[in-house]
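The values are calculated or read from the model by the stated rules, or taken from the named source; none is laboratory data. Everything quoted here is computed from the prediction, not taken from an experiment. Here the Cβ positions follow ideal geometry from the backbone for every residue, glycine too, while neighbour counts run over all protein chains shown.
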Amino acid sequence: MSKPRAAVFDVKPYDRDSLVAAQRGENIDWSFHSFRLDPSTAAAVKDVDVGCVFVNDRADETALHTLAEAGVRHLALRCAGYNNVDLSAAKEHGICVTRVPSYSPHAVAEHTLALLLTLNRRIHRAYNRVRELNFSLHGLVGMDLHGKTAGVIGTGRTGALVAQIFRGFGMRVCAHDPYPNEEWAARYEVAYKPIESVFTDADIVSLHLPLTPDTRHLVNEHRLGLMKPGAILLNVSRGALVDTGALIKALKARKLGGVGLDVYEEEEGIFFEDLSNEMLDDDELARLLTFPNVLITSHQAFLTREALSEIARVTTENILRVHRKEPPLEDTEL
Ligand code: NAI
């Protein structure tokens, strides 16, 4: 049987290494592309069976139409979120779409805590200061997390782990999810509440839900207004869950204690890239970067060795299965 031919978009060295190293990865004829998939780049690939994409590739109707014409019958997402894929267009073009629903919720949960601890104890500022031989503690006062209330929006794989870690710090945890997991909540003493109460009651609000038309700008001016003065907002899920304009307004009003972001509404074309020799055109991101109490990482919550190898394992297995006309791994087909 012929090898499946897979065009991989938005490839970084760690993607290539993990895909090639994945079990049976050698049975796939790879072509690696550093550019992202979008309507204009889709035409660059010819005679392929699989398009393999990540979070900032844009698989819209036009891109999918072009890929289908190039022979693509399988779109393999190397991520969990699929807000960047037009699923109905994929169906129309006979393209099977798979994803990696869970590669390491621990990686994402632990990064959420890294953001929180760094922000709260001003480690990002202390690190730079000490390197400049400035040993002053001025402006570095944090708070005890112990005894504070954390609010977790979305208690799926990642949110549940984050809530459990918060509990380990001796925090109270409240949560909101349209599909509450009552047994888990009783076990870890997590209190489900209406979403508005989570924003009102929590000292730290952490987002762990998918981006859908319903959840876009879930954190808006109204909900930011409900937050306690000095509260911390964490978003490691998808940028557009937060209305960036409203967030900047709340920060300028000195309303928030801190904001930790691993994702940004307009991150496509910026995150994952080295733009250190360029001008930053995005004024909202530029403004966010000026606040001392905002900490931004470039969509790296997933980036652990364990997560990369699980992404590669599931992706390569599904590429081979779909090529053999077998069903993809359980729960991976969209
Ligand atoms: P999951 O599917 O296990 O859990 C999502 C939870 O959100 C579910 O329990 C669902 O019921 C809940 N939910 C849906 N709509 C909601 C709403 N309106 N309000 C409150 N809860 C709602 O997903 P998982 O694995 O926990 O990941 C969450 C998100 O994190 C993903 O959708 C993805 O966008 C993002 N992510 C980010 C990564 C990064 O590197 N920064 C890596 C992996 C995922």
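List of remarks:
- Yes/no for GLU196 being exposed (fewer than 15 other Cβ atoms within 10 Å of the Cβ) and on the phi < 0 side of the Ramachandran plot: yes
- All positions within segment 229-246 that are of a type outside the set (A, V, I, L, M, F, W, C) and surrounded by fewer than 18 Cβ atoms within 10 Å (Cβ to Cβ): PRO229, GLY230, GLY245
- Residues located in segment 48-82, provided they are among the charged types (D, E, K, R) and within 18 Å of CYS96 (Cβ to Cβ): ASP49, ASP57, ASP60, GLU61, GLU69, ARG73, ARG78
- Of the residues making up segment 56-113, just one is part of a helix (DSSP H, G or I), among the polar types (S, T, N, Q) and within 11 Å of the ligand (Cβ to nearest atom), namely THR112.
- Within the set CYS52, CYS79, the sole residue that is of a type outside the set (A, V, I, L, M), surrounded by 21 or more Cβ atoms within 10 Å (Cβ to Cβ), closer than 19 Å to PHE302 by Cβ and under 23 Å from the mean Cα position of the chain (by Cα) turns out to be CYS52.
- Restricting attention to segment 1-30, the residues that are among the hydroxyl-bearing types (Ser, Thr, Tyr) and either modelled with pLDDT of 95 or more or under 24 Å from the mean Cα position of the chain (by Cα) (or both) total 2.
- Test: residue in segment 243-254 that is closer than 28 Å to ILE195 by Cα, within 11 Å of the ligand (Cβ to nearest atom) and among the aliphatic types (A, V, I, L, M): no
- Check on SER88, surrounded by fewer than 20 Cβ atoms within 10 Å (Cβ to Cβ) and closer than 22 Å to ASP262 by Cα: no
- Scanning segment 87-125 for residues that are out of contact with any helix residue (DSSP H, G or I) (no Cβ under 8 Å at 6 or more places or on another chain), closer than 14 Å to LEU145 by Cβ and not charged (D, E, K, R) gives ALA114, LEU115, LEU116, LEU119, ASN120.
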